[in-house]
Amino acid sequence: MRARTVILFAVTLAIITYIDRVCIAQAAPAISRDLHLSKIEMGYVFSAFGLSYALLEIPGGWLCDRIGPRLVLTRIVLWWSFFTAATGWAWNLPSLVITRFLFGAGEAGCFPAMAKMMSSWLSPDERPMAEGLKSAGARVAAAVTPWLVVSMYSVMNWQTTFLVFGAIGIVWAGAFYWWYRDTPRPQIRDEEPVPFRAFLRSRSAWALCVQWFCHYYGFYFYITWLPTYLQQSRGLNLKQGAILAGLPMLSAAAGSIACGLLIPRIVHITGSLAITRKWLAYAAYGAASLLLLLFTSIKDPVLAMIVMSLSSFMAELSGPVSWTTAMDLGGRYVGTLSAAMNMMGHFGGAVAPAVIGYILEYTNSNWTLAFYASAAIYFLGVFCWMLIDPVTSLDQAKSDPRPYPHSPA
């Protein structure tokens, strides 16, 4: 088992994860039509996934710390693949909400398990680029899925597309269980309890979690409401909307890779990993907020989507920074702490679609107000990073917490 194989598993899983998450966004207009759903009801459908995903993140991360990623990820992928397929079997609002809730419950713990996997197998200087590639894979999948769904519509309906997407995960789960092993060398099982008290009393841990809420509140618009916005507000047809809906996610992928490349180079210049992470995060959230405000004033749909894509690029710089920070702060309990961070992120993902649905319903589809809210929440992320010590481990390990031992924190 080699590090590059671990990265390959992580990248391909991130791709499958986001195909299965995002396909419902492009299918939303057809689902709403066939099941007679209002905007508020469709917001509930979008939010059901994020809510259950968030609620079960910490149990999933804790379980991964206890028994390892191999069994946890295999169970996760099989569960969510079944409920991806089951989405196509829904016949009304309750059945669709329940299915998406169970889909989110199954996927909970996926990214903390991947963080545990990378923490075990990759050296500290390999992790930023690996995180960048993993995040880029997820964003590329989110970018191409709208086009993929539209292409599949030429030969099948939206119900069948969910069945096809669900089958992909089953193939991955079988390959992963066959090839992957939890540790690169035999280890004694750590029986010490997770230091929840230290995590709960840590300002850095709380701020790390809240900034991830800010990240995902803005991000979830792209994988839920964006296709609907392009069709209803910008007047684009299905194919035009599918192409433009992919731009923010392609730029997000570029942002993830750029961050993975930038971190070691900036550390070399500044001599401080802590300063590098904090200033990248400031730039990410500050620029994402300002660019989203600029987007609302542009009438040309193509130019507007270019500006929105730049906002997405900047926001994504916070991704590898956040995950590598969670690895360092979590120490031996990276699964649990990264799960707490991702839980808060997906609370943002659960809140955003429902809030946007209410804004649209009660303001006669005032999309601009929804973007103002997202921009304000992005900017809150800047203040969160002022409170974070991004390098000092919070567990009880007696080890150097710095991932770059020769760089001062």
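The values are calculated or read from the model by the stated rules, or taken from the named source; none is laboratory data. Because the structure is a prediction, the values reported are computed rather than measured. Using ideal geometry, Cβ is built from the backbone for each residue, glycine included, and neighbour counts are taken over all protein chains shown.
Structure above, values below:
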{"item": "Qualifying residue in the range 208-219 (condition: assigned to a helix (DSSP H, G or I), under 25 Å from G88 (Cα atoms) and of a type outside the set (K, R))", "result": "yes"}
{"item": "Filter result for G348 (farther than 14 Å from S47 by Cα and in a helix (DSSP H, G or I))", "result": "no"}
{"item": "Residue in the range 273-282 that is among the basic types (K, R), in contact with a helix residue (DSSP H, G or I) (Cβ under 9 Å, 6 or more places away or on another chain) and at pLDDT 90 or above present", "result": "yes"}
{"item": "S95 being polar (S, T, N, Q), in a helix (DSSP H, G or I) and touching a Gly at 6+ places or on another chain (Cβ under 6 Å)", "result": "no"}
{"item": "Number of the exception - L102 against (1) of a type outside the set (K, R); (2) in contact with a Gly (Cβ under 6 Å, 6 or more places away or on another chain); (3) under 25 Å from R66 (Cα atoms)", "result": "(2)"}
{"item": "The range 283-296 - residue that is closer than 17 Å to L369 by Cβ and surrounded by fewer than 18 Cβ atoms within 10 Å (Cβ to Cβ) and, of those, modelled with the highest pLDDT", "result": "L294"}
{"item": "Some residue of the range 76-88 being among the hydrophobic types (A, V, I, L, M, F, W, C) and not in a helix (DSSP H, G or I)", "result": "no"}
{"item": "Some residue of the range 19-39 being closer than 26 Å to A205 by Cβ, assigned to a helix (DSSP H, G or I) and polar (S, T, N, Q)", "result": "no"}
{"item": "Check on A142, buried (at least 24 other Cβ atoms within 10 Å of the Cβ), touching a helix residue (DSSP H, G or I) at 6+ places or on another chain (Cβ under 8 Å) and under 24 Å from L273 (Cβ atoms)", "result": "no"}
{"item": "Where V72 falls short, out of the listed (1) aliphatic (A, V, I, L, M); (2) crowded, with 24+ Cβ neighbours inside 10 Å; (3) without any contact (Cβ under 8 Å) to a residue 24 or more places away in the chain", "result": "(3)"}
{"item": "Options S151, S47: the member that is in contact with a Pro (Cβ under 6 Å, 6 or more places away or on another chain), farther than 17 Å from I7 by Cα and either among the polar types (S, T, N, Q) or outside any helix (DSSP H, G or I) (or both)", "result": "S47"}
{"item": "Matching residues, the range 227-248, being touching a Phe, Trp or Tyr at 6+ places or on another chain (Cβ under 9 Å) and over 19 Å from I31 (Cα atoms)", "result": "I243, G246, P248"}
{"item": "Restricting the range 372-409 to residues that are modelled with pLDDT under 50 and among the polar types (S, T, N, Q), the residue that is nearest to A274 (Cα to Cα)", "result": "S407"}
{"item": "Tally, over the range 356-386, of residues that are buried (at least 19 other Cβ atoms within 10 Å of the Cβ) and free of Cβ contacts under 8 Å to residues at least 24 places away in the same chain", "result": "1"}
{"item": "Answer from A315, A274, A304, A254 - the residue that is surrounded by fewer than 24 Cβ atoms within 10 Å (Cβ to Cβ) and within 16 Å of the chain's Cα centre (by Cα)", "result": "A254"}
{"item": "Enumeration of residues in the range 41-55 that are under 22 Å from V194 (Cα atoms) and modelled with pLDDT of 90 or more", "result": "none"}
